Structures are given as C-alpha cells and as structure tokens.
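The values are calculated or read from the model by the stated rules, or taken from the named source; none is laboratory data. Because the structure is a prediction, the values reported are computed rather than measured. For neighbour counting, all protein chains shown are included, and Cβ atoms are generated from backbone atoms with ideal geometry for every residue, glycine included. Surface accessibility is based on the protein's heavy atoms, side chains included, excluding ligands, DNA and RNA. Shrake-Rupley method; radii C 1.70, N 1.55, O 1.52, S 1.80 Å.
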Amino acid sequence: MKQPLHRRQPTPGNPRVQRTRNRVLAVARELLPQVGPAGLTYALLAERAEVTRQTLYRHWPTRAALLFDLVLEGPGLGTYPEPGSDVGAVATAWLKSLRAGVSVPSVRTAALAVTAQADHDPDSARALVRIGEDRYAGFNRLLEPSGVEISEDEFTLLYGPVLARLFLDRGQVTDAFIDAVVAQWLTMLQCGDAPQDSA
C-alpha cells in the first residue's frame with residue numbers, strides 16, 4: 001500500500017533511527033492529552049524527547065503527519081483481530097479493537113484534532129482520508145478468509161454507530177451495543193446480497 005505524500009518513513013535498517021522515532025512517539029502520546037493538539041509544538045516535543053526540531057521535521061514534515069502516526073501506530077492500541085471466515089465474529093472483534101484504540105487518550109485526541117483541522121488544513125484532510133483508507137483496507141484483509149469484500153459504504157455503516165456513540169453522544173460502547181450494531185449490519189449485508197425484483 002502506498003504511503004501518503006506527507007509521511008516519510010525512517011531508514012528501516014537503522015535501529016538508532018527507529019529507537020528515536022519510537023521515543024518521540026511515546027513522548028508525544030504522553031504530552032498530547034495534557035497539552036492538547038495546539039500545545040504539542042515541535043519545540044516542546046523536541047525538548048521533552050531530547051531530539052532536535054530538525055529530527056522531528058525529518059520524520060514528520062507536518063503536525064498532521066505526526067497525528068496520523070499517533071492514531072495508527074504504537075503500543076496500547078489494543079489487540080488487532082485476526083482474519084477469519086465468520087464475518088460477524090471478525091466485525092465484532094474489529095469494533096472492539098476500534099473501541100480499545102480510541103479509548104487511548106492520545107489516539108482519541110489525535111483523531112479528533114485531525115478531524116477538526118481537515119476542513120482548513122490540506123495535510124490534515126489527507127491524513128484523515130489516509131486513516132480511513134488504511135482501516136478500510138485492513139478490515140477487508142481480515143475478511144479475506146470469508147470470501148467477502150465490503151464496500152466503503154458498508155464499512156462506514158459498521159463503524160459509524162460506534163464513533164457516533166463515542167464522539168457525538170459521549171456515551172459508552174458496551175459489548176451489547178457492539179453486538180447490536182453487528183447484528184443490524186449483517187442483516188443489511190444479507191439484504192444487499194438478495195436478488196432484486198425486476199418490477
């Protein structure tokens with residue numbers, strides 16, 4: 001899968017570079033919930049992570065690129081599900097993984113910041129699109145053993161209720177809520193597979 005233009009990978013064979021990158025992300029995860037997206041300046045992050053600002057810009061040319069990595073990388077994001085042939089079980093495990101991921105304060109703050117900035121910041125808009133594409137492709141990979149491939153609309157109909165409950169309703173996403181979402185989603189998928197009457 002192609003990397004977004006705003007994201008630059010460190011040299012894979014250099015362990016020192018990877019250690020620096022991991023340290024910076026760990027410090028950013030710690031700081032972000034405390035200072036918020038506006039307070040997470042490269043000056044503060046460089047000071048706390050004991051690196052130069054130049055190092056930060058080499059890895060993350062924009063703040064959106066840094067927030068992107070905070071959403072999709074690192075420890076504490078829950079256990080990502082395994083591929084499986086039972087579509088309902090995969091969907092349930094994936095939604096529980098999503099719930100665990102957005103429960104991490106730095107991930108939640110980074111995701112909300114990228115979303116809030118997307119209307120006026122092209123880098124954030126690209127990062128938001130890339131996050132969606134990454135999760136959509138990842139979910140379809142989990143479904144490969146089942147022989148099912150879902151559309152982007154079907155994917156949105158799966159995760160949408162969970163994000164609405166968390167971010168709009170500010171409510172809890174219980175296992176029972178996830179089970180209800182998956183049951184309704186599976187019904188919708190089955191209706192979509194049914195032959196259409198030619199009236």
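The sole residue among ALA38, ALA89 that is among the aliphatic types (A, V, I, L, M), out of contact with any His (no Cβ under 8 Å at 6 or more places or on another chain), assigned to a helix (DSSP H, G or I) and under 30 Å from GLN184 (Cα atoms) is ALA89. The single condition from (1) closer than 30 Å to ASP175 by Cβ; (2) modelled with pLDDT of 90 or more; (3) of a type in the set (Ser, Thr, Tyr) that TYR80 fails is (2). Just to be sure before I move on: is VAL148 of a type in the set (Val, Ile, Thr), surrounded by fewer than 17 Cβ atoms within 10 Å (Cβ to Cβ) and in a loop (DSSP other than H, G, I, E, B) in the structure I sent? So VAL148 fits the description; yes. Cβ-Cβ distance below 7 Å, separation of 6 or more or different chains: which pairs start in segment 92-120 with a residue that is at negative phi and end on one that is charged (D, E, K, R) and part of a helix (DSSP H, G or I)? Close Cβ pairs satisfying both conditions: THR92/ASP179; VAL102/ARG108; SER106/ARG29.
Here the condition is being in contact with a Ser or Thr (Cβ under 7 Å, 6 or more places away or on another chain) and either modelled with pLDDT of 95 or more or part of a helix (DSSP H, G or I) (or both); of SER97, SER124, SER106, it holds for SER97 alone. May I ask you to say which residue of ALA46, ALA89, ALA125, ALA64 is open to solvent by 20 Å² or more (accessible area, probe 1.4 Å) and over 20 Å from VAL181 (Cβ atoms)? None of the other options fit; the residue is ALA125. The condition of being surrounded by fewer than 17 Cβ atoms within 10 Å (Cβ to Cβ) and free of Cβ contacts under 8 Å to residues at least 12 places away in the same chain does not hold for ASP179.
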